[in-house]
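Bear in mind that the values in this text are calculations on the coordinates, not laboratory data. The shown structure was predicted, so the numbers you read here are calculated from the model rather than taken from an experiment. Note that each Cβ is placed from the backbone with ideal geometry, even for glycine, and that neighbours are counted across all protein chains shown.
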Amino acid sequence: QLMKLLKNIKVVILVGRKAQSIEYYIQKKWPHIKIFLSPHPSPQFVNRRKGNKNQILDVLKKVVKYLEIKK
C-alpha cells in the first residue's frame, strides 16, 4: 500500500537483515527502483568494531551520489 503512494520513488535502502529479506520481491515488483543494503544501525552493530559505523555512512554516501546523478 505504501508503494502505491510513493509513485516517484527512485531508491530504497534496506536496513538490516530482516528488511533485506524482501530485496528479491522489490526487484521483481519494481525493477526501476535502485536498492541499497545497509547494516542495521543498532548500538550492538555500530559499537562491535571500529569500522562498522563507516559501513553505514558509506552506504548513505552512495545513495546521495546516486541521487545526484539521477537529477
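Where (1) 38, 34, 17; (2) 45, 20, 17; (3) 38, 27, 18 are the candidate values, the label of the one calculated here for Cα extents along the principal axes in Å is (3). With everything on Cα atoms, drop me the angle between helix 52-69 and the longest principal axis of the chain, reported from 0 to 90° to the nearest 10. Result, in degrees: 30.
Evaluated with a Cβ-only charge set (Lys, Arg +1; Asp, Glu -1), the stretch 4-71 carries a dipole of roughly 80 debye about its Cα centre, given to the nearest 20. Taking 0.36 nm per residue of sequence separation and removing the Cα-Cα distance, the Ile69/Gln55 pair yields an extension gain of 2.9 nm. In this structure, the residue pairs whose Cα-Cα separation is over 20 Å, taken from Lys28/Lys61; Lys4/Lys62; Lys7/Lys70; Lys7/Lys62; Lys10/Lys65, are Lys28/Lys61; Lys4/Lys62; Lys7/Lys62.
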